[in-house]
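Read-outs: derived from the displayed coordinates by stated rules, not from any lab. Please read all numbers here as calculations on a predicted model, not as lab measurements. With ideal geometry, Cβ positions are generated from the backbone for all residues, glycine too; neighbour counts draw on all protein chains shown.
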Amino acid sequence: MRIAVTYENGEVFQHFGHATHFKVYDSDGEKITAQTVISTNGSGHSALADILKQIRTNVLICGGIGGGARNALDAANIEIYGGVKGDADKAVEAFLAGKLEYDPAARCDHHDSHHGDDHVCGEHGCGEHDCGGHH
C-alpha cells in the first residue's frame, strides 16, 4: 500500500491545494517498508491529484481539502483521510494500526478568493464542520 501525507516540517500540512511536499510511505501490512519526501513543484490542487495518481497512491492523509481536490482524488480511487493534524510519521503509524483520528467530512476550501469560493477557512479547526459541502 502507498500512503501520501501533505507534509511540512515533519507535520501534516493543513492546506492540500497549497502543499509543496508529500511524504510518501510504502507499507506491507502494519509495517512501513519505505518512505520518501517528494516536491510538488508548487502545483495546484488538480495537478497535486495527478501527482498522487501517477505515483500510484492508495491513501491520502491531509488536513483541510477542498471539494474539487476531493472529487479528483475520488476519481483516481484514492482514499482520503482529512482533518488530520500533528506528526506525519505518527499519523501513518496510527493509520496502519487502524487508530488514526480523522474527520470524513473535512472539506475546507483553502483557496484564494480568485477561485470563486466566498468562504475561506482560517485557523478555526477545519475538521469541525463541513464548510465546503456545497460543492
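So here's what we get for this one:
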item: Rounded FRET efficiency, nearest 0.05, which uses the C-beta distance separating residue 79 from residue 20 and R0 of 22 Å; result: 0.45
item: Reach of residue 85 by Cα under 20 Å, taken over lysines that are not fewer than 8 positions away in the same chain; result: 23, 99
item: Potential lengthening between residue 71 and residue 105 on full extension [0.36 nm per residue; Cα-Cα distance subtracted]; result: 10.9 nm
item: For region 22-100, alpha-carbon Rg over 2.2 N^0.38 Å; result: 1.06
